[in-house]
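What follows is a short report on a single structure.
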Amino acid sequence: MARRERERSLPPVTGRGRRARLDQPMVPRRSPLPEYDPEAFGRLSERIARFLGTGRFIVWMTVAIILWVAWNTLAPRPLRFDEYPFIFLTLMLSLQASYAAPLILLAQNRQDDRDRVNLEQDRKRNERSIADTEYLTREVAALRMGMGEVATRDWIRSELQDLVKELEQRGLVEPAADRGRDRSR
């Protein structure tokens, strides 16, 4: 009985000869095709595309073509490997161009993906900045409205002066000029 329970709890071997259980993942099969890391291939293609877009590449390519043509025109006939119409040189340049174009396109696609992610992050950052700015604007407006209701030092001074004048007019307080003389005595 315990043996049957253990067999049920084990995952199926490959699904052959035994019915596969739907509640357990299948064992992955090995692919006969070689596996590669797409990110590593993309990074390599970007490095190649960056090199193809430099002046150094143009100089090296020009030097190689000049040497190729010079060798195949100036070298003794038995040592020449590509005679005048330079068919092999044309083939090599076509081969290089046929590989360069897809690598450059792959690098551009990867750059577009990075730019898209960066633009999305910038857009989110801008939205947060706008929201923060709007919040701060509302807070400043509320502070200004609150400050309109707060008594300032100048307002209190003017109110006190008005009260003193009113008290002087009623005769409850002696005038300020008379108070200054009393103190000097």
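The values are calculated or read from the model by the stated rules, or taken from the named source; none is laboratory data. Bear in mind the structure is a predicted one, so any value in this text is a computation, not a measurement. Methodologically, a virtual Cβ is constructed for each residue, glycine included, from the backbone with ideal geometry; neighbour enumeration extends over all protein chains shown. All accessible areas refer to the heavy atoms of the entire protein, side chains included, with ligands and DNA or RNA removed. Shrake-Rupley method; radii C 1.70, N 1.55, O 1.52, S 1.80 Å.
Considering all C-alpha pairs of segment 90-170, those separated by over 18 Å amount to 75%. The heavy atoms of residue 87 offer some 120 square angstrom of accessible surface to a 1.4 angstrom probe.
Accessible surface ranking for 23, 115, 1.4 angstrom probe, highest first: 23, 115.
So how much slack lies between residue 94 and residue 144, counting 0.36 nm per residue of separation and subtracting their Cα-Cα distance, in nm? Mind showing how you got there, number by number?
Values: separation 50, 0.36 × 50 = 18.00 nm, distance 7.27 nm.
Result for the pair: 10.7 nm of gain on full extension.
Note on residue 152 and residue 129: the model spin-label points, each 7 Å out from Cα along the C-beta direction, lie 3.4 nm apart.
With all pairs of different alpha carbon atoms counted, what Kirkwood hydrodynamic radius in Å does segment 36-185 show? For segment 36-185, inverting the mean 1/r across all distinct Cα pairs yields 24.9 Å. Only the Cβ atoms of Lys and Arg (+1) and of Asp and Glu (-1) were treated as charged; on that basis the dipole of segment 16-167 about its Cα centre amounts to roughly 1260 debye. Could you let me know the centre-to-centre spacing of segment 151-173 and segment 88-108, using Cα atoms, in angstrom? Segment 151-173 and segment 88-108 have Cα centres spaced 92 Å from each other.
How many Å² of accessible area per residue for segment 110-175, probe 1.4 Å? The partial results should precede the final answer.
On the way: 6080 Å² over 66 residues.
Heavy-atom SASA per residue in segment 110-175 reads 92 Å².
In the context of the full protein assembly, residue 150 retains an accessible surface of approximately 80 Å², using a probe radius of 1.4 Å and ignoring ligands and nucleic acids.
First compute the accessible area of segment 65-154 with a 1.4 Å probe, then give the percent of it belonging to carbon and sulfur atoms.
On the way: 4900 of 7530 Å².
Answer for segment 65-154 is 65 percent, counting heavy atoms of protein chains only.
Taking R0 as 45 Å, what FRET efficiency do you get between residue 116 and residue 29 from their Cβ-Cβ distance, rounded to the nearest 0.05? With a Förster radius of 45 Å, E is 0.85.
Suppose we take every Cα in segment 133-174 and form the convex hull; what volume per residue is that in Å³? If you can, show how the numbers build up before the last one.
Working: hull volume 2.2 nm³, N = 42.
Spread over its residues, the Cα hull of segment 133-174 gives 51 Å³ apiece.
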